Each structure stands twice: as C-alpha cells, then as structure tokens.
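The next block holds one structure in the form of structure tokens; read it before the comments.
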Ligand code: ADP
C-alpha cells in the first residue's frame, strides 16, 4: 500500500485554518489538529508529563493530574528560554503522535496536519505539501477577539508577533487559500482537493 500524501495547513491566528480544515473533513479527508493534540498530550503522555514536571515543578499539575495551564503560561510568558524548553518537549511528542496517527490512516490518499506553527518550527519539512490560509491582520484580529472572549487585543498581538508573516507563508507554501471574507473559501478548498487527488493519479 502506498503511503498517504502528507499535507500541512497553516496560517496566522484567526486566518481560519481550523474552519478550512473542517471543510476538508466534510470531503472525507482526515485532519490531525496538532495544537489540540499537543494540549491533550500534555495531560496524557507520561514521558511529556514527567519532562514538564522536572523542568517546571510538580505544581505544573494538580494532584489529580490536571495541567495548571495558568501557572505554566506564567512561567513561559516572558522567558524565551523556558518557552523554548517547553516546545522542545511538546514538539517531539506531537511529531511521534502524528506518526502513529498517519499509520492508522495509511489507506487514505492524503492526510492533513493543521498547525499554527509549521514554517516557524521547521515541521513542514516532514510534509509533502503545504497549504497556507491567508487573511489580513485586522480581519484576523476581529475574528479572534470574537472567538476568544478571554484574550485581549495585546495578547493576540503578542501571539501574532511570534508567528511568521503571510508573505513568508506564501513563499513557502504550495497552495494558498484566501479566507478574507470577500473571496469564497469553499470553491478554493474544492479546487485544491481535486488537484491533490489528481496529483496522486486518482
Ligand atoms: P484559526 O484556526 O486560524 O485560528 P479559526 O478557523 O478558528 O481560525 O477561525 C477564527 C474565527 O473566524 C472562527 O470563529 C471562525 O468561525 C471565523 N471564520 C473563519 N473563516 C471565516 C470566514 N470566511 N468568514 C467569517 N468568519 C470566519
């Protein structure tokens, strides 16, 4: 059996990458949501839990094993080295989990991996193709403030600063989806879906 084509979907916060992936899911394409899986693994992967406890202290988890996200967020907030350390634990755990997920879906023509940071952490190199979802910054900001009631404008700006720019995403991606609210997104998804299948000779 041939290996499925691995396709990354990325974009800035609020660009609509999760929404776009849901459209692909409706077409029957399995999607791995890397950021969500990372959060799950932080409370389920024994090795990862131990690494976090050793680095950040036992208070990173409650006695019932619930991750103290607030404490951890505070610990890494203005400490780039600590954030880097946390990422150096989480990213390999996600990469391993993704590998297992790919093996479980080996009968599919192609699979999607959705992640906010794909070009930034180099994980796109393990993928065959990438799609970037594009939307202007002000549109993304408005969407995120509506979606995430707990986040302030300043917090969203800080997240945006840690992410790469749309012009860099355009340079590195194979496909672009303009999800600015003006251009219809679903026809763009259908076109890419068809092209990916055609590239596999289906
Ligand atoms: P991301 O995963 O890139 O952070 P989401 O897919 O969660 O972004 O989208 C951010 C918010 O914007 C969500 O509330 C979503 O419903 C909304 N959204 C996404 N695409 C559109 C669109 N084309 N028009 C209007 N709202 C959209």
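Laboratory data are not the source of any read-out in this text; all were calculated from the coordinates shown. Predicted model, so just to flag it, every value in this text is computed and none were measured. We place every Cβ from the backbone using ideal geometry, glycine too, and count neighbours over all the protein chains shown.
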### Debye-sum result for the stretch 37-104 in log10 I(q)/I(0), which assumes one identical scatterer on each alpha carbon, at q = 0.14, 0.24 Å⁻¹
-0.41, -1.06
### Query
Going by alpha carbons, how many degrees (0 to 90, nearest 10) lie between the helix axis of 17-26 and the longest principal axis of the chain?
50 degrees
### Message
Testing the spin-label approximation: label points 7 Å from Cα along Cα→Cβ at residue 138 and residue 121. State their distance in nm.
### Response
3.2 nm
### Task
Give the distance, in whole Å, between the Cα centre of the stretch 77-134 and the Cα centre of the stretch 1-47.
9 Å
### Query
How high is the relative contact order of the chain, in percent, with contacts defined as C-alpha pairs under 8 Å that are six or more residues apart?
37 percent
### Query
How far is helix 185-199 tilted off the main Cα axis of the chain, in degrees rounded to 10, range 0 to 90?
70 degrees
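What is the mean projected area of the alpha carbon convex hull for the chain, to one decimal in square nanometres? Display every interim value, and only then the final one.
Working: hull surface 48.6 nm².
Seen from a random direction, the Cα hull of the chain projects 12.1 nm² on average.
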### Message
For the chain, take the longest principal axis of its alpha carbons; what is the angle in degrees between that and the long axis of helix 46-56, to the nearest 10 within 0 to 90?
### Response
50 degrees
## Note on the structure
Taking the chain and counting helices only, DSSP H stretches of n ≥ 4 at -39,500 (n - 2.57) each over all residues, the nearest-500 ellipticity at 222 nm comes to -16000 deg cm²/dmol
